[in-house]
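Q: Take a look at this one; I'll ask things after.
No value in this document is a laboratory result; all are computed from the given coordinates. Everything numeric in this text was worked out from a predicted model, so none of it was measured. Note that we place each Cβ from the backbone using ideal geometry, even for glycine, and neighbour counts take in every protein chain shown.
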Amino acid sequence: MYIDKDALKKFLFDKWEDSNCPKCKNNQWTVPYDVFEIKKYLTGKFIIGGEVIPVIPITCMNCGLTFMVNAIIAGIVKKTDKEKAADKEFEKYMKEHYERALQRRENEEKAES
């Protein structure tokens, strides 16, 4: 997937306070024109499907230190409808879990008094 380097640059300038490499203090970086994937390691087994994290590697031109920027958070890759639905389900689950925990706490406090 070809990336919009201007959008990535804007994201990095907005988020990174210091553009110098934390190892060598150089401030020259290279960014590929592609998005890469990080997948869960399954002892070398190849699985079709499964969760991936889209990342953009950013590499210091002096020492080679490489950062991975999440392409979804950077706004370079958009979440799919399936991912958005999963996020909503997770938020719903967490809200219900939190409400049940509060109710349990209230019940315990009433039982103690």
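Q: Check K45 against each of (1) surrounded by 11 or more Cβ atoms within 10 Å (Cβ to Cβ); (2) over 18 Å from A71 (Cα atoms) and name the one condition it does not meet.
A: (1)
Q: Which condition number in (1) in a helix (DSSP H, G or I); (2) closer than 30 Å to A7 by Cβ is the one that R104 fails?
A: Only one criterion is unmet by R104, namely (2).
Q: Whether any residue in the range 25-33 is in contact with a Ser or Thr (Cβ under 7 Å, 6 or more places away or on another chain), in contact (Cβ under 8 Å) with a residue 24 or more places away in the chain and aromatic (F, W, Y) is what I want to check.
A: Taking every residue of the range 25-33 in turn, at least one turns out to be in contact with a Ser or Thr (Cβ under 7 Å, 6 or more places away or on another chain), in contact (Cβ under 8 Å) with a residue 24 or more places away in the chain and aromatic (F, W, Y).
Q: Could you tell me which numbered condition I72 fails, if it satisfies all but one of (1) surrounded by fewer than 10 Cβ atoms within 10 Å (Cβ to Cβ); (2) aliphatic (A, V, I, L, M); (3) in contact (Cβ under 8 Å) with a residue 12 or more places away in the chain?
A: If we test I72 against (1) surrounded by fewer than 10 Cβ atoms within 10 Å (Cβ to Cβ); (2) aliphatic (A, V, I, L, M); (3) in contact (Cβ under 8 Å) with a residue 12 or more places away in the chain, just (1) comes out false.
Q: List the number of the failed condition for D4; all other conditions in (1) in contact (Cβ under 8 Å) with a residue 40 or more places away in the chain; (2) within 14 Å of the chain's Cα centre (by Cα) hold.
A: Among (1) in contact (Cβ under 8 Å) with a residue 40 or more places away in the chain; (2) within 14 Å of the chain's Cα centre (by Cα), D4 violates only (2).
Q: Give me a count of the residues in the range 38-68 that are assigned to a loop (DSSP other than H, G, I, E, B) and touching a strand residue (DSSP E or B) at 6+ places or on another chain (Cβ under 9 Å).
A: The total comes to 6.
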